[in-house]
Amino acid sequence: MSKSKSNVDRNEILEKLAESFIYGNLGLFIGAGMSMDIMNDEWDTKALSWKELINTCAKNFEIDLKSEIKTEGLSYPDIASSLAKIIAENEDITYSAAVKRLKQNIADLTSWYPNKENREDYSKILNKINPNWIITTNYDSIIECLLPDRSISLSPNDQLISPKEIVPIYHLHGVRSNPDSIIITQEDYISLFRPNQYRQQKLALTIKESTTLIIGYGLGDVNVLTALDWTKNVYREQRITYPQDVIQLIKTEIPEFNGYKDHNGITILEFNDLKTILKEIIDFLEIKLEEHNKDQEEIEKIYQEIKSPDEDLVKKFIDDKTYRTNLIKQISENNIQLISGFMELFSKSMEKTWERAQPKNAFFAYDQNLKIHIDILSQIGLEHMPPILLEAIVYQLSRISYFIGDKLGESKAAYKTWNKHNQDIPLETRNEILNICKANNYSFLPSLIRKSIKKKK
């Protein structure tokens, strides 16, 4: 392994794909290599590379590339433009008409349909990967054949959007069903890369906001590097709160087991047989999905338990710190699923502590009340704190604050707890509590908070 590569554990790569798969932002960037793997075998070559397409077009138009076009040093788009010029001269037509003829020929040459076995195998694979989107530089409609009932084919000028449960297949270089959309000549590429705010930003953001699995391109392919460059130049300072990576599958005779990072920051995973590695990926995804579903079942059990808490559960939440701490941890990690149920438990727990405080000298109840708030505020940072919960906590704290002190009629236990643990509450949370107090004209709580902030300093 060269010094420019850094090892990445194979399982770590699969974990990243699984995380994005479960999150729902896994996308595929597909090149000609995938079409060739699906269509070709050792006995028959149906799908062609870009070079083979150009050579076959030249042959169909009876043009000798070697003698009529000096191809050395020319890019394929330059060669295609030169080819169109010769077609125009030979057939005495305009250059634009010649380009149209060339594109139609390419559309005809890319009329590829996978056999029944490969269609079924790869259709099963793609459906299990369940990509959020597919971007391809291929002209053919092989992917559409694999996802016949849940995909929509899009050309370069179409918007990258689709109905729910439908996978958009964005043909960046055009699609054979619309020959005019095919990007092949130098002029086409100039037009493609002409500043187009929607296309450039949409594609860049789509890749930036996803984990992108690249299939069917060589190492350092210009299409891959161009897409990667787009993503690096949009919203660089944005905080990423979702799974995001670029992972490329590279075909090689003797693949390395573990992956590596190339000098462009792309995670590379080598393979020898496409179907085999994709099956390995979907097997891993299914295992992780099963684990995720079990976790969700546990979360649902917790929700069902806390949404209508009985007397025993309310007492357990107040009196059992271990249970309370573990539950608050679950709320912190899964607040969207659990917050509505937790609000019920929190509300009834507050009622119970106030009920306990009714008898004379029952100052312990104020301490119990306060400990619940401190546990929540210290375990759930402001960034993950549901606003509805924070507002309810501040309201309850404003009530209890009158009883926190060491004077007659105040709870010395609560006072001791506050002095010992107020620094456990993050500073930004305490500042936000002050904002809520100001908005609601809470009078006594702000002094406690300000003293804790000064103590910090």
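None of the figures in this text is laboratory data; all of them are computed from the coordinates on show. These figures come from a predicted structure and were not determined experimentally. Cβ sites come from the backbone with ideal geometry, for glycine too, and all protein chains shown count toward neighbours.
Relative contact order (percent) for the chain, with alpha-carbon contacts under 8 angstrom and 6 or more residues of separation?
Value for the chain: 14 percent.
Going by how many other Cβ atoms sit within 10 Å of their own, how do F257, F317 line up, fewest first?
Result, fewest neighbours first: F257, F317.
Under the simplified labelling scheme, the Q201-N7 pair shows an inter-label distance of 4.4 nm, with each label point 7 Å from Cα along Cα→Cβ.
In terms of overall dimensions, the C-alpha atoms belonging to region 50-109 reach 27, 22, 18 Å along their principal axes, ordered largest to smallest. Residue order for V394, V222, fewest other beta carbons within 10 angstrom first, comes to V222, V394.
Using only alpha carbon positions, build the gyration tensor of region 329-389, then give the equivalent ellipsoid semi-axes as the square roots of 5 times its eigenvalues, largest first, whole angstrom. Intermediate results must be reported in sequence, preceding the final value.
On the way: eigenvalues 130, 31, 10 Å².
So the three semi-axes of region 329-389 are 26, 12, 7 Å.
Legend: ranking of residues D295, D140 from fewest to most surrounding C-beta atoms inside 10 Å; resulting order D295, D140. Across region 305-320, rounded Karplus estimates of 3J(HN,Hα) from the backbone phi angles (6.51 cos²θ - 1.76 cosθ + 1.60, θ = phi - 60°) give 6, 8, 6, 9, x, 8, 4, 5, 5, 4, 5, 5, 5, 6, 9, 9 Hz, Gly and Pro being marked x.
Helical content of the chain, expressed as a calculated mean residue ellipticity at 222 nm, amounts to -18000 deg cm²/dmol (DSSP H runs of 4 or more residues, -39,500 (n - 2.57) each, divided by residue number, nearest 500).
Expressed as a whole percent, how much of the Cα-Cα distance distribution for region 308-456 exceeds 21 Å?
Distances greater than 21 Å cover 41 percent of the Cα pairs.
Protection proxy ranking, highest mean first, for peptides 420-433, 179-192: 179-192, 420-433, where packing is the per-residue count of other beta-carbon atoms within 10 Å, averaged.
Extension gain for I152 to Y395 (0.36 nm times residue separation, less C-alpha to C-alpha distance): 82.3 nm. Most tightly packed first, judged by the mean number of other beta-carbon atoms within 10 Å of their residues, the peptides 109-115, 165-171 read 165-171, 109-115. Looking at the square roots a ≥ b ≥ c of the eigenvalues of the Cα gyration tensor of region 128-214, which shape do they give, rounded for a/c under 1.5, prolate if a/b is larger than b/c, or oblate? Taking the square roots of the gyration eigenvalues as a ≥ b ≥ c, region 128-214 is oblate. Taking only the Cα atoms of the chain, the radius of gyration and Dmax are 31.2, 107 Å. The orientation-averaged projected area of the convex hull spanned by the Cα atoms of region 1-133 comes to 12.5 nm². Of the GluC sites (Glu not before Pro) found in region 66-155, the ones in coil according to DSSP and having at most 14 other Cβ atoms within 10 Å of their Cβ are E72. When peptides 318-324, 93-99, 48-54 are ranked by their average number of other Cβ atoms within 10 Å per residue, the highest-first order is 48-54, 93-99, 318-324. Amide H contacts of I250: L269, E270, F271, each under 5 Å away and 5 or more positions distant or on a separate chain (H built 1.01 Å from N in the peptide plane; Pro and chain starts excluded). For S151, the residues 5 or more places off, or on other chains, whose built amide H falls under 5 Å of its own are V167. Relative contact order of region 308-456: 22 percent, from C-alpha pairs under 8 Å at least 6 residues apart in sequence.
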